[in-house]
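Everything on this sheet refers to the single structure shown next.
The values are calculated or read from the model by the stated rules, or taken from the named source; none is laboratory data. Note that this is a predicted model, so its numbers are computed, not measured. Quick reminder, even Gly has a Cβ in these numbers, built from the backbone with ideal geometry, and neighbours come from all protein chains shown. Surface accessibility is based on the protein's heavy atoms, side chains included, excluding ligands, DNA and RNA. Shrake-Rupley method; radii C 1.70, N 1.55, O 1.52, S 1.80 Å.
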Amino acid sequence: MNTNSSNMMALAPNTSNKRETVCIFGTGDFGRALGHKMIQCGYPVVYGSRSTQISNMIPKDAEVLSHAEAAQKAAIIIIAIQRQHYNFLTPLAEILRGKVLVDISNNLKLNQYPESNAEYLAQLLPGARVVKGFNTVSAWALQSGALDASRQVFVCGDDMEAKQMVMNIVRALGLTPLDQGSLLAAQEIENYPLQLFPMWKFPVFLSLGLTAFFFFYCLVLDVIYTYVYEKQDFSFFIAITIPNQVCPVMALTLLGLVYLPGVLAAIIQLYRGTKYSRFPDWLDKWMLCRKQLGLIALAFASLHAVFTLVGPIRSFVRWRTSQGIISQALNNKTEPLDTTSAWLSDSYLALGILGFFFFVLVGITSLPSVSNSVNWREFRFVQSKLGYLTLILCTAHTLVYGGNWFLNPLAYKWYLPNIYMLGLVVPCTVLVVKFVLIFPCVDKPLTQIRQGWERNPKHSE
Amino acid sequence: MNTNSSNMMALAPNTSNKRETVCIFGTGDFGRALGHKMIQCGYPVVYGSRSTQISNMIPKDAEVLSHAEAAQKAAIIIIAIQRQHYNFLTPLAEILRGKVLVDISNNLKLNQYPESNAEYLAQLLPGARVVKGFNTVSAWALQSGALDASRQVFVCGDDMEAKQMVMNIVRALGLTPLDQGSLLAAQEIENYPLQLFPMWKFPVFLSLGLTAFFFFYCLVLDVIYTYVYEKQDFSFFIAITIPNQVCPVMALTLLGLVYLPGVLAAIIQLYRGTKYSRFPDWLDKWMLCRKQLGLIALAFASLHAVFTLVGPIRSFVRWRTSQGIISQALNNKTEPLDTTSAWLSDSYLALGILGFFFFVLVGITSLPSVSNSVNWREFRFVQSKLGYLTLILCTAHTLVYGGNWFLNPLAYKWYLPNIYMLGLVVPCTVLVVKFVLIFPCVDKPLTQIRQGWERNPKHSE
Amino acid sequence: MNTNSSNMMALAPNTSNKRETVCIFGTGDFGRALGHKMIQCGYPVVYGSRSTQISNMIPKDAEVLSHAEAAQKAAIIIIAIQRQHYNFLTPLAEILRGKVLVDISNNLKLNQYPESNAEYLAQLLPGARVVKGFNTVSAWALQSGALDASRQVFVCGDDMEAKQMVMNIVRALGLTPLDQGSLLAAQEIENYPLQLFPMWKFPVFLSLGLTAFFFFYCLVLDVIYTYVYEKQDFSFFIAITIPNQVCPVMALTLLGLVYLPGVLAAIIQLYRGTKYSRFPDWLDKWMLCRKQLGLIALAFASLHAVFTLVGPIRSFVRWRTSQGIISQALNNKTEPLDTTSAWLSDSYLALGILGFFFFVLVGITSLPSVSNSVNWREFRFVQSKLGYLTLILCTAHTLVYGGNWFLNPLAYKWYLPNIYMLGLVVPCTVLVVKFVLIFPCVDKPLTQIRQGWERNPKHSE
């Protein structure tokens, strides 16, 4: 042991000196934050700056030199300046030849320039080895160490060795580099941090719109109608009763909208007799946001579940229950068990529970880590088979809940159908069409078309 | 800025031409889908085909040439033909020398051939650089853009550079390449898309079998017995009451079955005095599906929780409650609070809630992304310590629920024990044996054996 | 087909012989487990050992030779011996020159030595190509095949080619290699398996302490006070009633503690007029465990939700409800619906449900796989915007629940405030300060500071 320890002591300083010097061009906010972090992780840092005077802003242990001097001290140069000023680098082309230039810039809006900043840099300095990276990390996160979301650093570049050097630095800073291939990927990497849930925009706005519509529909039928005709103030229905009518209807409608485009696509393919002509644009976009629609439907279903379970705790429900019992007790009569209503009540609850259970299962397989660990066949099994099972169970849940209420004229206040009847429109349409599509005489040609067969190969294209 | 813009304009066409030409052999469904996608992503595509006439089927912007001509135009050739026809490539061996051949084929069943298609291709054309890839992606998903499950493209090959070239294309198509090492991995990659939840088969069938058994057991005791002896129709118990007896029993039994093999393994190791002899096959298989058994148990526990919470909303329960209250009111008497039953009721509910809470915690750590972010020590802590805590709490929940019902002769209809007593058999066995194994006189030799010590080193092996 | 089959037969043995021989130094537990697994996966294994006699311990198909002989047979040597004995390798330096040495060692405690074992090995044998790996895998998991947690093998090393060779073996064993860069990463890799939820320690202990305090506070007010003044035994409140008071208070307090450090940091930055001076240590540490605090708060909120929903099933609650109804029935009076209490009850329930809903949403985005698939902007949106929305909704839920109870002297048993008032302290403080910080006159300088502006640039540093 003793021999080892003395050995280690001798070797230790050697070890800590191993990190290669990194040069940073630009002393802006991100340049300083990155420099701070690199010094913390043991990298000697040298700044390249027009003026070497503003030394109190940049990290204590960093050197500040002119651009040319700084570039000569390091093999890796981080370009922490804005794209508009890239052309000042052209005079340095000779010094930068063979150096690894790391482009960390971001734009202010999507696809601001025809080519990415990194490709532009590579064109300005053809002798340098340009690598894109670090642009998805925030200066604040680097400085505070709160790197939860931005652990992943996308890196791309045409020079493998240069990319490896940058990826080593990324790892040394405690981040996870993700190789995105050649410099052509830079455009996408630069667009990435500018996005705010782009796939969610349409589904969210659609849901908000539909929710508002159904909410006012219920408000009119349950609160205003009662107030006008029965002079009763049920305004507190706004808090739970109405949301608990809107949520299931939204869940069912959105779940139907998830499976509707698939059904439409099948009809279009059957009609056209080929799968090689493109779908209309709106259908393509609709198909791409099915996952989001499904997850929002699941959120509404969950809210519906909790709103329902919370029922017996509500002051209003407890009052109504006790009124019912007291009136029975005062009339000195006890009602016998109504087996039919017990059957109805239990089966619609059971259908709802099972439907929600499978819905949650399908939702769990939408988690990135789960869907990544299943293959295509398994994913289709869950999303298609279990998904349709969910749709069937939830539709049945609503139908049984309605019972024979459909035929009752009392269900049509102001000649308007009850809201749950509206909620059944989309899912029932989907299920009926899907049922037709399963028939062998329809399914067989559809399967052939999907395997590449064409009815009129001459006319297609 | 102006200088830059003009610069960019001059350079832009240059950029978009950067993608290297890709050749595709075969104009089948997948070959066409892949070609379409590649053209979309900016790759010039040339098809190699026996007949150059069927041009209306393949993408508009692609060229169609003979195999030899097409191969000469590109460094990367995608072999979109079936394994049976690979031998027609042998005459082209000279042209294909040094080219990157991408084998994208799949088989119809697991381990159909003694070696993988990619290895077979490499043996046919020793001069070519064969890379396996793209076989996990579906043609439909490529065309529709719905690439949720199949984002990951497994790639393997013996030539690093060739693999990098293919991985760059994968990335350019918006997919995630996963390097699986040398071409030896091709067999596994080819088997991957043929699987349908192989680890889940046994647990699912076991659960279905047990569920059916418990369901009929309950049906006999709760519905048929009542109908025969009390002439009452409780058939609606099928919807909620019986499922809510089957689910907890299934959850408890399956949770016990998760920990039973570990206990059996310890007994076998103690008996044999070594850890170096293999367990019986059934035990090995059992141990490998513990995670699946546990997750199914969690599903049953969740259903039990919801079925229980839904209770007060059920028509039958509301009827029963009001009957109880009315009969008290009519008899003009109020019962005082029974503290013992309050204690029993509250504590079995609390035990159940806590047990379910820890069960969900253990379930969350089974998510791939969570279990990947903990180390081995942490994973064992959660799965073993928290798992046993869950088992203890859930068993206690059932025991307290039973209360002193065990001793009541009314609990044994037709001399059969109530179902929750059956559910206690497996977990109680596990807990008793585990309790014995914790004793120092048993734990010490077991720990030694697990660290590699052997009782009779001479006789083993 | 026939030609192919005969071809395959001739080529098959060639294929299975492809794996290169691997040498293992050391016949301890892990060396043997790794050897077993490698032989299973088709690698010829040769052991290097001081004594070649103990052959009954090691796998049947492995060869055992002296260290020097064994090393000469393979290009990759796995060093399965402890760091203390590394110096016996120095005499073999010449034979090991150019070989790939895989350091798989672990230490007994964090940062036991000044440099990592792998770096120490590389210093002892400068001619060898040292790769760190396999240390995160457990011998037991390797042998049993239960590799759930330890699928990931961190690999690092200075020689790219050597690293690739080791990563290929890792993949062949069915594990996932993760390249961690140069050998400098070895220290961290060696520390990794020794950790037991290091980030969770402080939040868990804080929660346990606070929970104990609140529990006894409730015990005194609800059980002991009632027993002393009303001679009633409500000891069964310990099971559900008191936990259901402690859980929401804990959830609310911890959720407040998640957002308190951000507010404190803003105040400090405003006061100092710069973001470039470091925060006090306690604040830094606090900020780094916000995610953990938030998840524990979510756990308490979930327990609160279940404890509340379980209410109507409790024996005590059912007794209390029926007493209320019976006394009304016996007095022959029916109470009219109290719209105000219906409003209060429904709105505090609705606020709680919405708050919990958003809380769960924020929790889901904390899952590693979800937070990895969002960018920094999206993550901040969810964690900050949705997080504050959750805090506002939950605080409002508690305030409405309290109603005008604050002003009621009965709420102050023994002059102590009710527990939910204590729970409001932290979240209300955070919300009030945050509200002030949003004012333009405060927000504007804060934003400037966070973008790098400094009030007194001369005096800073």
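Criterion first (facing chain B (nearest Cβ under 7 Å) and either in a helix (DSSP H, G or I) or open to solvent by 20 Å² or more (accessible area, probe 1.4 Å) (or both)) does A:SER369 satisfy it?
Yes: the conditions hold for A:SER369.
Tally the residues that are over 16 Å from C:LEU254 (Cβ atoms) and in contact (Cβ under 8 Å) with a residue 60 or more places away in the chain, restricting the search to region C:209-229.
Total satisfying the criteria: 5.
Quick one: count up the residues across region A:166-179 that are open to solvent by less than 40 Å² (accessible area, probe 1.4 Å), among the hydrophobic types (A, V, I, L, M, F, W, C) and either within 14 Å of chain B (Cβ to nearest Cβ) or touching a strand residue (DSSP E or B) at 6+ places or on another chain (Cβ under 6 Å) (or both).
The number of residues fulfilling the criteria is 4.
So the check is Cβ under 6 Å with 6+ separation or different chains; which pairs have a first residue in region A:181-205 that's within 14 Å of chain B (Cβ to nearest Cβ) and outside any helix (DSSP H, G or I) and a second one that's open to solvent by 60 Å² or more (accessible area, probe 1.4 Å) and modelled with pLDDT of 85 or more?
Once the first residue is within 14 Å of chain B (Cβ to nearest Cβ) and outside any helix (DSSP H, G or I) and sits in region A:181-205, its partners that are open to solvent by 60 Å² or more (accessible area, probe 1.4 Å) and modelled with pLDDT of 85 or more give A:SER182/A:ASP158.
Looking only at region A:267-285, which residues are more than 27 Å from the chain's Cα centre (by Cα), aliphatic (A, V, I, L, M) and open to solvent by less than 50 Å² (accessible area, probe 1.4 Å)?
Result: A:ILE268, A:LEU270.
For region A:208-221, check the following and say yes or no: at least one residue is over 27 Å from the mean Cα position of the chain (by Cα), farther than 30 Å from A:TYR113 by Cβ, of a type in the set (A, V, I, L, M, F, W, C) and assigned to a loop (DSSP other than H, G, I, E, B).
No, region A:208-221 has no match at all.
Based on this model, can you work out whether A:VAL130 counts as crowded, with 16+ Cβ neighbours inside 10 Å, without any contact (Cβ under 8 Å) to a residue 60 or more places away in the chain and farther than 17 Å from A:LEU194 by Cβ?
So A:VAL130 fits the description; yes.
For C:LEU252, only one of the following conditions fails: (1) open to solvent by 40 Å² or more (accessible area, probe 1.4 Å); (2) in contact with a Ser or Thr (Cβ under 8 Å, 6 or more places away or on another chain). What is its number?
(1) is the only condition that C:LEU252 fails.
Inside region C:406-419, can you point out the residues that are surrounded by fewer than 18 Cβ atoms within 10 Å (Cβ to Cβ) and not basic (Lys, Arg)?
Result: C:PHE406, C:LEU407, C:ASN408, C:PRO409, C:LEU410, C:ALA411, C:TYR412, C:TRP414, C:TYR415, C:LEU416, C:PRO417.
Taking C:GLN123 as meeting all but one of (1) farther than 28 Å from B:PRO368 by Cβ; (2) buried (at least 20 other Cβ atoms within 10 Å of the Cβ); (3) at the interface with another protein chain (Cβ under 10 Å from one of its Cβ atoms), write down the number of the exception.
Every listed condition holds for C:GLN123 apart from (2).
Would you mind listing the strands (runs of 3 or more DSSP E) fully within region B:1-101 where at least 3 residues are open to solvent by less than 30 Å² (accessible area, probe 1.4 Å) and modelled with pLDDT of 90 or more?
Because the criterion is at least 3 residues that are open to solvent by less than 30 Å² (accessible area, probe 1.4 Å) and modelled with pLDDT of 90 or more, the strands (runs of 3 or more DSSP E) in region B:1-101 that meet it are B:22-25, B:45-48, B:76-79.
Please work out which one of (1) under 27 Å from B:LEU431 (Cα atoms); (2) open to solvent by 30 Å² or more (accessible area, probe 1.4 Å); (3) within 7 Å of another protein chain (Cβ to nearest Cβ) is the condition B:PHE356 fails and give its number.
It fails just one condition, (3).
Would you mind stating whether A:LYS291 is at pLDDT below 95 and open to solvent by 30 Å² or more (accessible area, probe 1.4 Å)?
yes
Give the residues of region A:306-353 that are at the interface with chain C (Cβ under 7 Å from one of its Cβ atoms) and among the polar types (S, T, N, Q), sorted by residue number.
Selection gives A:SER315, A:SER322, A:GLN323.
Rundown of residues vs (1) at pLDDT 85 or above; (2) over 18 Å from A:VAL100 (Cα atoms); (3) touching a helix residue (DSSP H, G or I) at 6+ places or on another chain (Cβ under 6 Å), yes/no style:
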{"site": "A:ASP158", "(1), (2), (3)": "yes, no, yes"}
{"site": "A:MET165", "(1), (2), (3)": "yes, no, no"}
{"site": "A:PRO177", "(1), (2), (3)": "yes, no, yes"}
{"site": "A:PHE205", "(1), (2), (3)": "yes, yes, no"}
{"site": "A:PHE213", "(1), (2), (3)": "yes, yes, no"}
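From the list C:TYR229, C:TYR259, exactly one residue is of a type in the set (Ser, Thr, Tyr) and over 30 Å from C:LEU288 (Cα atoms). Which is it?
Being of a type in the set (Ser, Thr, Tyr) and over 30 Å from C:LEU288 (Cα atoms) holds for just one of C:TYR229, C:TYR259, which is C:TYR229.
Name the residue, out of C:GLY387, C:GLY363, C:GLY403, C:GLY423, that is open to solvent by less than 60 Å² (accessible area, probe 1.4 Å), over 22 Å from the mean Cα position of the chain (by Cα) and within 14 Å of another protein chain (Cβ to nearest Cβ). First the steps, then the outcome.
Working: C:GLY387 fails: over 22 Å from the mean Cα position of the chain (by Cα); C:GLY363 fails: over 22 Å from the mean Cα position of the chain (by Cα); C:GLY423 fails: within 14 Å of another protein chain (Cβ to nearest Cβ).
Of the residues listed, the single one that is open to solvent by less than 60 Å² (accessible area, probe 1.4 Å), over 22 Å from the mean Cα position of the chain (by Cα) and within 14 Å of another protein chain (Cβ to nearest Cβ) is C:GLY403.
One line per residue, one yes/no per condition, for (1) of a type outside the set (A, V, I, L, M, F, W, C); (2) open to solvent by less than 40 Å² (accessible area, probe 1.4 Å):
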site	(1), (2)
C:GLY181	yes, yes
C:LEU184	no, no
C:PRO193	yes, yes
C:PHE202	no, no
C:SER207	yes, yes
C:CYS218	no, yes
C:TYR229	yes, no
